[in-house]
1. For E32, what residues show an amide H to amide H distance below 5 Å, using hydrogens built from the backbone and excluding near sequence neighbours?
2. Could you sort S60, S33 by accessible area so the largest value comes first, with the probe set to 1.4 Å?
3. For L118, L147, L54, give me the order by solvent-accessible area with a 1.4 Å probe, most accessible first, ignoring ligands, DNA and RNA.
4. Apply 1/(1 + (r/R0)^6) to the Cβ-Cβ distance of L147 and N4, taking R0 = 41 Å, and write down the FRET efficiency to the nearest 0.05.
5. Accessible surface of K49 in the full protein assembly, 1.4 angstrom probe, to the nearest 10 Å²?
6. In whole Hz, what ³J(HN,Hα) sequence does segment 8-18 give by Karplus (6.51, -1.76, 1.60; θ = phi - 60°), x for Gly and Pro?
7. Calculated FRET efficiency, D103 and N56, Cβ-Cβ r, R0 30 Å, to nearest 0.05?
8. Amide H of D115 versus every other amide H placed in the peptide plane: which residues, excluding those fewer than 5 positions away on the same chain, fall under 5 Å?
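The values are calculated or read from the model by the stated rules, or taken from the named source; none is laboratory data. Quick caveat: nothing in here was measured; it's all calculated off a predicted structure. Backbone-built Cβ (ideal geometry, glycine too); neighbour counts: all protein chains shown. These area figures cover heavy atoms from the full protein model, side chains too; ligands, DNA and RNA do not enter into them. Shrake-Rupley method; radii C 1.70, N 1.55, O 1.52, S 1.80 Å.
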Amino acid sequence: MTNNNDASVLNGLIVTTLDSMKGYEDAAKDAESTQFATMFADFARDRAKVATDLQNQVRSLGGEPEMDSSMLAAAHRTFMDLKQAITGKDDEAIIQEVERGEDHIKAKFEDAMKDDGLAPATLAVITDAFASVREGHDRMSALKHGLA
């Protein structure tokens with residue numbers, strides 16, 4: 001028997017996490033600095049692991065996990081490609097966009113953890129994943145403010 005609420009919440013987080021992973025992959029490709037490119041690639045791998053953990057929880061609930069990022073993220077990346085083509089690929093601008101994305105994913109996880117209807121095992125998986133998300137958010141925020 002599938003816990004539909006848990007699977008739905010998890011699938012929403014999976015899509016957001018995959019969006020984040022793809023954003024980091026794009027940032028790694030676009031970064032001028034090798035240091036930033038390496039850091040973004042590391043974050044992309046970390047987000048892939050988070051998504052896998054969430055997908056595994058959906059499967060354990062008997063559900064079908066999301067496997068793709070959202071169309072909204074694809075549209076955002078297309079806009080970012082256009083914006084970068086016009087303004088040039090500047091590490092500071094990339095970091096600002098990545099940090100904005102970090103604010104979004106952090107808020108999604110915080111909202112999910114407030115759901116009183118989640119099973120304890122699902123909440124534990126989300127809380128574990130959030131530790132990684134919070135670390136990424138905090139590092140990007142510090143990086144952004146360090147460049148300002």
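1. Residues meeting the criterion, in which the H sits 1.01 Å from N, are D91.
2. The residues order as S60, S33, largest area first.
3. L147, L118, L54
4. The computed FRET efficiency comes out at 0.40.
5. Rounded to the nearest 10, that gives 120 Å².
6. 5, 4, 4, 5, x, 5, 4, 4, 4, 5, 5
7. Approximately 0.70, to the nearest 0.05.
8. none
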